[in-house]
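Written out below as structure tokens is the structure these notes cover.
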Amino acid sequence: MSLPGKVYLVGAGPGAQDLITLRGARLLAQADVVLYDALVTPEMLELCAQAELIAVGKRSGQRSTAQQHINELLVEQARRHRIVVRLKGGDPMMFGRADEELRALEEAGIEVEVVPGITTALAAAASTRQPLTKRGVARSVAFFTSSTAPGHPEEAALPSTDTLIQYMGGREAMATGQRLLAQGLAPETCVVIVENCSRKDERIVRMDLAGLAQGLRQAHGPVLVMVGAAMARRPHQAPDRSVQVEPARVDAEDAVERVPAR
């Protein structure tokens, strides 16, 4: 009887094919089977054309693959194949449910390795040219999501930090803005929204916290919300091909400009 294969939890990065790590790309080219997330782009899957592809996407509020089933699939595939890649958007260890998959594989006695990816917050900071930290302005950063496990209510207070980054923030953006105002953050605090970060249809919106509290238009892809004084535009900063939103009103169709394909 042959030994089980090995599972690699690989971070695909924020979306652009050339932002995956060299190790991640090499493993995709060697994989026998790839179980991939809903946020993984078709261009990324071109790197593993030889592999069997299994879609196991999970999207908030949509019909998706149950995590327990994904865990079982990983164990099953590792017992059939030598190299199994679990391809996750961003970084596996950042809101990627890696803990549940690691535990399932470890309990089954299957070897597993994690290959990090560029998490979306760092890609968004690069795309907007807004450092998340800034000397004399911001020296702390917190990442959070409003999505919680069943039976685990969301924390009442948001993290207290200089720069606040909300993952999967599309539908929750209004509530986040309102809660931050209620916690005493100034209405004029700078906010940058990045949708479909690093992809051909990337969109960038700039506004203030008062505008965020009025809500965003419906997003057509993953949304990252960045809040804090570090998000202020520099005096001579080049245009980022987005339209500055008036603080008192959020009209997303007028406020967002599609970023040209790279």
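Structure data summary
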{"item": "Selection within the range 12-32 - part of a loop (DSSP other than H, G, I, E, B) and buried (at least 23 other Cβ atoms within 10 Å of the Cβ)", "result": "ALA12, PRO14, GLY15, ILE20, ALA31"}
{"item": "Those helices (runs of 4 or more DSSP H) lying entirely in the range 70-187 with at least 2 residues over 30 Å from ARG233 (Cβ atoms) and either assigned by TED's automatic domain parsing to the domain that holds GLY24 or touching a strand residue (DSSP E or B) at 6+ places or on another chain (Cβ under 7 Å) (or both)", "result": "98-107"}
{"item": "Output for the range 196-224, where each listed residue is in contact with a Lys or Arg (Cβ under 8 Å, 6 or more places away or on another chain), touching a residue at least 60 places away in the same chain (Cβ under 8 Å) and either at positive phi or not in a loop (DSSP other than H, G, I, E, B) (or both)", "result": "ASN196, ILE204"}
{"item": "Residues of the range 201-239 satisfying the condition of being surrounded by fewer than 16 Cβ atoms within 10 Å (Cβ to Cβ) and over 25 Å from PHE95 (Cβ atoms)", "result": "ARG234, PRO235, HIS236, GLN237, ALA238, PRO239"}
{"item": "Any chance ARG203 is of a type in the set (Lys, Arg), modelled with pLDDT of 95 or more and not assigned by TED's automatic domain parsing to the domain that holds GLN17", "result": "no"}
{"item": "Per-region count, the range 145-175, residues of a type outside the set (D, E, K, R) and modelled with pLDDT of 95 or more", "result": "6"}
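The values are calculated or read from the model by the stated rules, or taken from the named source; none is laboratory data. Just so you know, these numbers come straight off a predicted model, no measurement behind them. Cβ sites come from the backbone with ideal geometry, for glycine too, and all protein chains shown count toward neighbours.
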